[in-house]
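Participant: To start, I am sharing the structure in question, which I have written as structure tokens.
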Amino acid sequence: MTPRILVDADACPVKDEIYKVALRLEVPVVIVANSYIRIPEHPLISRKIVSDGFDAADDWIAEEANAASLVITSDIPLADRALKAGAKVLAPNGKAFTPDSIGGALATRAIMADLRVGVAGIGAGGPAPFSKADRSRFLSALDTALMSLKRAQN
């Protein structure tokens with residue numbers, strides 16, 4: 001199996017970084033979204049437009065993910081599904097989701113969802129702003145993950 005990157009693209013702030021590293025390492029990228037997203041014209045970069053149904057992009061990525069995949073997403077339930085399919089998973093801030101860490105991430109997500117429902121204003125601010133440190137951490141983690149996938153496939 002050839003390594004490839006599957007990107008949950010609708011709110012991904014690091015698409016340009018993904019293209020840069022993927023092209024350098026010659027790894028195919030699939031940008032998955034509910035609507036048209038502009039991508040560079042290159043044979044290694046493609047887009048998959050899915051229906052606008054709830055979780056359609058997540059469903060497509062989870063079905064396509066395998067041991068040769070690197071999934072880029074901040075969606076914790078999708079990360080869990082991709083890990084169960086054998087994929088490596090990175091958040092756009094460079095944090096790796098692993099079989100050891102996903103349970104805690106799912107539990108924290110559930111607690112925060114309960115708090116938002118039960119207490120007005122909790123979590124209303126959204127995630128912290130994306131920083132240069134996040135971008136740098138992501139680039140490093142992306143390079144490491146892709147090199148690991150390439151070694152595993154040889």
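The values are calculated or read from the model by the stated rules, or taken from the named source; none is laboratory data. As the structure is a computational prediction, the values presented were derived from the model and not from experiment. We place every Cβ from the backbone using ideal geometry, glycine too, and count neighbours over all the protein chains shown.
Participant: Is there any pair linking a residue in the stretch 8-33 that is touching a residue at least 12 places away in the same chain (Cβ under 8 Å) and assigned to a loop (DSSP other than H, G, I, E, B) to one that is among the aromatic types (Phe, Trp, Tyr) and surrounded by fewer than 22 Cβ atoms within 10 Å (Cβ to Cβ), with Cβ under 9 Å and at least six apart or on different chains, and which?
Facilitator: Matching pairs, first to second residue: PRO13/PHE130; VAL14/PHE130.
Participant: While we're on this one: I'd like the residue in the stretch 83-111 that is surrounded by 17 or more Cβ atoms within 10 Å (Cβ to Cβ) and assigned to a helix (DSSP H, G or I) and, out of all such residues, is modelled with the lowest pLDDT.
Facilitator: Within the stretch 83-111, the match that is modelled with the lowest pLDDT is ALA105.
Participant: In this structure, does ARG116 turn out to be at pLDDT below 90 and either among the charged types (D, E, K, R) or surrounded by 14 or more Cβ atoms within 10 Å (Cβ to Cβ) (or both)?
Facilitator: Criteria met by ARG116.
Participant: What's the number of the condition PHE54 fails, among (1) over 13 Å from the mean Cα position of the chain (by Cα); (2) within 24 Å of ASN154 (Cβ to Cβ); (3) of a type in the set (A, V, I, L, M, F, W, C)?
Facilitator: All conditions are met except number (2).
Participant: Another question, if that's okay. Here are some conditions: (1) at pLDDT 65 or above; (2) of a type outside the set (A, V, I, L, M, F, W, C); (3) at positive phi; (4) out of contact with any helix residue (DSSP H, G or I) (no Cβ under 7 Å at 6 or more places or on another chain). GLY121 meets all but one. Which one does it not meet?
Facilitator: With respect to (1) at pLDDT 65 or above; (2) of a type outside the set (A, V, I, L, M, F, W, C); (3) at positive phi; (4) out of contact with any helix residue (DSSP H, G or I) (no Cβ under 7 Å at 6 or more places or on another chain), GLY121 is out only on (1).
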